[in-house]
1. Looking only at the stretch 26-40, how many residues end up being among the hydroxyl-bearing types (Ser, Thr, Tyr) and either free of Cβ contacts under 8 Å to residues at least 40 places away in the same chain or not in a helix (DSSP H, G or I) (or both)?
2. Which residue is modelled with the lowest pLDDT, if the candidates are limited to the stretch 137-159 and must be farther than 11 Å from CYS107 by Cα and of a type in the set (Phe, Trp, Tyr)?
3. Could you tell me whether the stretch 153-167 includes any residue that is in contact with a Lys or Arg (Cβ under 8 Å, 6 or more places away or on another chain) and part of a loop (DSSP other than H, G, I, E, B)?
4. Only residues in the stretch 89-111 that are under 17 Å from ILE148 (Cα atoms) count as the first member; pair them with residues that are hydrophobic (A, V, I, L, M, F, W, C) and assigned to a loop (DSSP other than H, G, I, E, B), Cβ under 6 angstrom, at least 6 apart or cross-chain, and list the lot.
5. Determine whether the stretch 126-147 contains at least one residue that is in contact with a Ser or Thr (Cβ under 6 Å, 6 or more places away or on another chain) and among the acidic types (Asp, Glu).
6. More than 17 Å from the chain's Cα centre (by Cα), in the same structural domain as THR93 (by TED's automatic domain parsing) and not in a helix (DSSP H, G or I) - does that describe any residue in the stretch 186-198?
7. Considering only the stretch 115-152, how many residues are closer than 20 Å to TYR81 by Cα, free of Cβ contacts under 8 Å to residues at least 24 places away in the same chain and in a helix (DSSP H, G or I)?
8. Pick out the one residue from LYS203, LYS150 that is touching a helix residue (DSSP H, G or I) at 6+ places or on another chain (Cβ under 6 Å) and of a type in the set (D, E, K, R).
Amino acid sequence: MLGINDSVNVLRLIEIVEDMGVDATSTGVVLTWITEAFEKGLINKTHTNNITFQWGKADKYGAHLGYLFGARHSHLDSAGYVIDKEAMKKPFTENEITDRIFTEEICRQAILSLVICFFGRGIYTPEVILKCLNLTGFDLDEKGLLKIGKEIYANKYRFKIACGFNLENPILLQRVFETPSSIGILNKEFANKSIKLLKEKIKSLL
């Protein structure tokens, strides 16, 4: 995303990020936003500790990461990127994509609560998880596991809403519909309908 084509510099940046204990993917997203904002004049050197951000310039990032970030970002829970990858072969309807996101997010709440890394989710199937839980004295079936996932998901949303999150006004920035994706330019009508459907599903849990 930063336009750095030299693998040596890419690996050098990753090493710096890993040494700092922050997430490389999220850091790349933040640095990309900063670079574009700098390019468009939304921010300047007074905002970046006198650093000039440029596409493809690895030396403009690595030395200053410590000044910009101090905590690890969380991974998203719904694996939307996996669904997008599948959509490159077979497009989804609004109902199909929201069902997939909603179901995946519920499943992942149970996985996350067990401190299972998402990179291992292909190994830790519901069957494997239930077998492990049964061995430790938890008498659960897949339905019970999903019920726990739903409860966790609902509680997270209750907490977010209590802290000021407004479920009624989700906004996708216009930039989302201007930047080509793996399936081309996104359709705003499709996105808005999907948002409405997903919002209804979340409300059903609260």
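1. 2
2. Looking at residues that are farther than 11 Å from CYS107 by Cα and of a type in the set (Phe, Trp, Tyr), I get TYR157.
3. Taking every residue of the stretch 153-167 in turn, at least one turns out to be in contact with a Lys or Arg (Cβ under 8 Å, 6 or more places away or on another chain) and part of a loop (DSSP other than H, G, I, E, B).
4. That search, which allows pairs on different chains as well, returns GLU104/ALA79.
5. No: zero hits.
6. Looking through the stretch 186-198, at least one residue is more than 17 Å from the chain's Cα centre (by Cα), in the same structural domain as THR93 (by TED's automatic domain parsing) and not in a helix (DSSP H, G or I).
7. Adding up the residues that qualify gives 2.
8. On inspection, the qualifying residue turns out to be LYS150.
The values are calculated or read from the model by the stated rules, or taken from the named source; none is laboratory data. Computed from a predicted structure; not experimentally measured. Neighbour counts are summed over all protein chains in view; Cβ atoms, including those assigned to glycine, are modelled from backbone coordinates with ideal geometry.
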